[in-house]
Structure formats: structure tokens, C-alpha cells
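Visitor: This structure is in C-alpha cells; I'll ask about it shortly.
A short reminder: the numbers here are calculations on the coordinates, not readings from a lab. Values in this document were obtained by computation on a predicted structure and should not be read as measured data. A quick note on method: Cβ atoms are made from the backbone with ideal geometry, for glycine too, and the neighbour counts reach across all protein chains shown.
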Amino acid sequence: MNNIYIEEKLQKLEKEHLIREERIFESPQLAKSMIDSREYLLFSSSNYLSLGENKEILEKVKEKMDGISLGSGGSRLTTGSHKVHKDLERNLAEFIGYENSLVYSSGFMANLGFLTAVCDDETIVFSDEKNHASIIDGIKLSKSKVEVYKHLDFKDLEEKLKKYPNRNKILVSDGVFSMDGDILPLDEFCRLGEKYKALTYVDDAHGFGILGENGRGITEIYKTYPDVMLVTFSKALGASGAALMTSNLMRKYLYNTSREFIFSTSISPVDTLITLESLNYIKSNKKNINKLKDNVSYLKKKLEENNFDIGGNSHIIPIKVGNEKRAQEIFKKLIDSGIFLSIIRFPAVPKNQAVLRVTPMSNHTKEDLDFLMEKLNEFVK
């Protein structure tokens, strides 16, 4: 096989400081984690509530494992629908406040599955310029016309909506933007959807389980519900998979038309049980949510006091550092000092706008956060 073409592409990535290295976890994702045979303070995980290794949840799962299949056996339309799937869908809908829900294998597949099923070449999709890659790819695959509006700029969005008075329209946005940490003003977003008779769709992957007093997500903050909303299990719940929160009518339609749902083996009953027990845990226990919020507030205050250029208004904290080469140099120094966090570079953000993405977890201590601040002051400033 001739690999010259691929070698040239890799050389280009290396020249632009865009090569990623695989890091191997050898322990659960705790505040202190073993990565590549070394202990690090971990500040890059989406295991926000530290539920991925919660012993109480693990014991509940063990108690209920009898009679649970290890694999699903097929897609949901053939042999892959198990009672635990229905239990999870019903509990999710009741907890968040929707008629129904539909479980997918991942958030990426759920976004693609919705957009390709509902949109077509007669649809205009209005998409925030900083939406997740899965939304962007879903729109491309749907073959619909897209109007990209400026980030959280609803004047720009409304001007674009006015251009299509008699067309099928869908407004699509992240709930919490994963790179910037911004939270969507959901009330205004849904108001525009209602005013211009557009269906509203929100990806609340990073908000579900965290936002609101009870962790119901962005809808709990604004007391407003988009027509369809995505939640994932791989972040706050510490599990895997995702679900679309829907009406009964929309669920029936997606069940019969969403190719990413129809042609995928369903999420395993074991994984589904883990998610269900994680959901039950946050329903009855707020200590992890409250501890995370305390940690985020403490760290943001320290960063602001030390004049760091940070963004966002959520638990995702981006620290702006500029070009990719500088970001990579800072990352290496942090790694050498025992701190593991993410550097976000092109194509996740525009070129020369690299950020250090800090995501505290509920099991971090104040000493952990102080040590991070010490090293950020040393290497970034």
C-alpha cells in the first residue's frame, strides 16, 4: 500500500503542532489518576460528578445483574430492546419533564440520527457557529440548507429567520458549549422558535446532571423546554450512551426513520443498567453536584484574582493562551509537573485561538485546585 499521501498529511499536522498522542488510563478517573504509568492530577475529564467509580452505584448494579444480558443482541428494531432500556427511557423523561425519550449508543449518533431523520432539502437549519462537530456533520448529511448565525447572537439569528417565512425551519444549538463553557439563553432561543414557527433542538450533553438545583440540566434553569433535547450519559452520569428527550409523536417518528438508531446495535443492557443507577443516584443525592459547583466557583475566583483570560459561565473553564505552539509548550510543562488537562486546538477552535480547557470534578480538593493555580501562574503567565 502506498502511504506517501498519508505521510504527507501527518507531516503537515506535525508542522502545525496539531498531532495528538494517545494517553492510557490505568485507574478509574479520580482526582489523582494513573495515566501512562504515572500519577497525575486530572483536570480534563467529563466525569464531572465522579460517578464513574462511585462504589454505591457499583454495588446497586451488582445486586441487579442477575438476569441481565451482557450484550443487547441486535438493534432496537430487531432483538435489541430490553426492559432496562424502557425503564431508563421512562425514568429520564419523568426526571427531565418530557413525554418520552429514545436511547442511542452515543451523543454523536443521536445528533446525527435526529438531524438526518427530520431535515431534508426542504428544511432550513439555523445553527450556532460554535455548535459541536456532530451537529455540523448531521446537518451536512441531512442535505438541508444551513444558516450559521454568530455565536449566541439572537439578533443575527432573527435576521436570518426573517428570510424564510414559509419554509420548514429548525433551530439547533448546544446547551453548554463544550469548548467555550457558555450556556445557551434557552428562553430566548425557544421564544424565537415559537415566533417563527421553527422546531427547536438543543444538545445538553454537558448540562444534564449538573445545571439546575437538581441536575435536570438547562431546562431546570430556564423552566423552558425545546421540542427535542439531547442528553448524554458519558459525562455527569459517568456511563455511556445518550438519549433524545421527545414527545410521543417524535419518538415514534425517530424510532421508524432514524438510520443511526435503526442500524446500530443497541447499547448493552449492562451499560443501560449502570446509567439507570447513576440517574437514581443523582435523583436522591445532591452532594456531588454541590461539591462540583463549589470547586468551580473556587477555581474561577482564583483565576480571576490572578488576571487569567478565561471564558464561559459554566463548569467548563477555558483559559485562552493563543497559538498552538505556545499551548503545546504549556501543556508539556504542566504534564511534567504532574497536571493533566486538555489543550484545545484547531479544528475544535479557530487557528491561533488555542485554549487550556479545565474541567474540575466533584472529588477534587481545595489543595488540588491550589496546586493547579500555582502551576498555571508559573507556566501560563
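Visitor: If you count, for each residue, the other Cβ atoms within 10 Å and average over each peptide, how do 347-356, 15-24, 193-202 line up from highest to lowest?
Guide: Values: 347-356: 17.2, 15-24: 10.3, 193-202: 18.8.
Order by mean packing, descending: 193-202, 347-356, 15-24.
Visitor: Please list, short to long, the whole-number percent of alpha-carbon pairs of segment 1-129 in consecutive 5 angstrom bins beginning at zero.
Guide: With a bin width of 5 Å, the distribution comes to 2, 7, 8, 11, 14, 14, 15, 14, 9, 6, 2.
Visitor: What ranking do 58-64, 234-240 get when scored by the average of other Cβ atoms within 10 Å per residue, highest first?
Guide: 234-240, 58-64
Visitor: By per-residue mean of other Cβ atoms within 10 Å, what is the highest-first order of 264-272, 109-117?
Guide: The densest-packed peptide leads the list: 109-117, 264-272.
Visitor: Further, regarding this structure: For Y104, what residues show an amide H to amide H distance below 5 Å, using hydrogens built from the backbone and excluding near sequence neighbours?
Guide: HN-HN under 5 Å from Y104: A242, A243, L244.
Visitor: Given K155/K320; K160/K197; K235/K366; K32/K366; K223/K283, which pairs have Cα atoms separated by over 20 Å?
Guide: As for pairs spanning more than 20 Å Cα to Cα, those are K155/K320; K235/K366.
Visitor: Whole-Hz ³J(HN,Hα) for each residue in segment 148-156, computed from phi via Karplus 6.51 cos²θ - 1.76 cosθ + 1.60 with θ = phi - 60°, x for glycine and proline: what do you get?
Guide: For segment 148-156, the Karplus curve yields 8, 9, 4, 4, 6, 9, 7, 5, 4 Hz.
Visitor: Taking one equal scatterer on every alpha-carbon of segment 299-338, how large is log10 of I(q)/I(0) by Debye at q = 0.22, 0.29, 0.34, 0.35 1/Å?
Guide: So the normalised log intensities work out to -0.85, -1.01, -1.02, -1.03.
Visitor: Continuing with this model, one more query. Between I68 and K351, what is the spin-label point distance in nm, taking each point 7 Å from the Cα along the Cα→C-beta axis?
Guide: About 4.8 nm separates the two model spin labels.
Visitor: Which percentage, to the nearest 5, of the DSSP beta bridges contained in the chain is antiparallel? Show your work: numbers first, answer last.
Guide: Numbers: 25 of 45 bridges.
Beta bridges within the chain, antiparallel portion: roughly 55 percent.
Visitor: Okay, moving on. How much of the calculated P(r) for segment 55-284 lies past 32 Å, in percent of all Cα pairs?
Guide: The answer is 17 percent, as a whole percent.
Visitor: Something else: Given 25 °C and 0.890 mPa s, how large is the Stokes-Einstein diffusion coefficient of segment 216-340 in µm²/s, with Rh as the Kirkwood radius over Cα pairs?
Guide: 133
Visitor: Another one. Stretched out fully, how many nm does the piece from Q11 to D336 gain, at 0.36 nm a residue minus the Cα gap?
Guide: Contour length minus the Cα-Cα distance gives 114.5 nm.
Visitor: Right, next: For segment 31-39, what does the Karplus curve 6.51 cos²θ - 1.76 cosθ + 1.60, with θ = phi - 60°, yield as ³J(HN,Hα) per residue in whole Hz, taken in order and with x for Gly and Pro?
Guide: Whole-Hz 3J(HN,Hα) from phi for segment 31-39: 4, 10, 10, 8, 10, 6, 6, 9, 7.
Visitor: Residue-wise, which Karplus ³J(HN,Hα) couplings in Hz belong to segment 17-30, taking 6.51 cos²θ - 1.76 cosθ + 1.60, θ = phi - 60°, and x for glycine or proline?
Guide: So the J values, rounded to whole Hz, are 6, 10, 7, 9, 10, 6, 10, 9, 7, 10, 8, x, 7, 8.
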